[in-house]
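Written out below as structure tokens is the structure these notes cover.
Just so you know, all these numbers are worked out from the coordinates, no wet-lab data involved. Just so we're clear, the structure is a prediction, and the values are computed from it rather than from any experiment. For neighbour counting, all protein chains shown are included, and Cβ atoms are generated from backbone atoms with ideal geometry for every residue, glycine included.
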Amino acid sequence: MAVRTSVAVPPKVPEIRKGDTVVVLSGKDAGKRGVVERVIRRQPAPRGGRSMFRRGSSAGGVSVVVEGVNIAKRHTKPRQTSSTTDRMPKIQQGGILDIAQPMPIGKVMVVCSHCGKPTRIGHQTLDNGKRVRVCRHCGEQLEVKS
Ligand SMILES: [Zn+2]
């Protein structure tokens, strides 16, 4: 359809950015909303376990860490970590840590901050050439204010 120009952004630009509010579409946390803490471009190597990511997903290996979503409880023991950079040895407290695990970006959808609906992302190029993401529902920009 549209002619691709050579200045086009790479095809795998994550539509979701840090600071976005997203809603989870599937899994045990389906329906939950949270703020994106981190966007990970390449799926991290699974640490001695099975990957939770399916191969060949259309998301292109991008995953997101969403605050309060996809929590894994991690039990830790108290231990002293000797750090070479700090003078003070750190005492790491034992206990149960709630750690948000990355999840494939295809499992979440951005929630528009204007109309409050989960939405697909559209793109718009402003007069100054800046590309912005827009809500497909209300047409408002979805840029994260920092
Ligand atoms: Zn909207």
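All alpha carbon pair distances within region 61-142 were sorted into 5 Å bins beginning at 0; the resulting P(r) in whole percents reads 3, 13, 12, 12, 13, 12, 8, 7, 8, 9, 3, 0.
Ordering Leu126, Leu25 from the fewest to the most neighbouring beta carbons within 10 Å gives Leu126, Leu25.
Label positions at Ala72 and Asp98, each projected 7 Å from the Cα along the C-beta direction, are separated by 1.7 nm.
Checking the table Lys18/Lys130; Lys32/Lys117; Lys73/Lys107; Lys73/Lys117; Lys18/Lys117; Lys28/Lys77 against a 23 Å threshold on Cα-Cα, which pairs fail?
On the way: Lys18/Lys130 18 Å; Lys32/Lys117 13 Å; Lys73/Lys107 21 Å; Lys73/Lys117 30 Å; Lys18/Lys117 18 Å; Lys28/Lys77 27 Å.
From Lys18/Lys130; Lys32/Lys117; Lys73/Lys107; Lys73/Lys117; Lys18/Lys117; Lys28/Lys77, over 23 Å: Lys73/Lys117; Lys28/Lys77.
Shown for Arg74, Arg17: other C-beta atoms within 10 Å of each C-beta, ranked fewest to most, produce the order Arg74, Arg17. The H on the amide N of Val62, modeled in the peptide plane, is under 5 Å from the matching H of Ile105, each at least 5 residues off or on a different chain.
Sorted fewest first by neighbouring Cβ atoms within 10 angstrom, Asp29, Asp127, Asp98, Asp20 come out as Asp127, Asp98, Asp29, Asp20.
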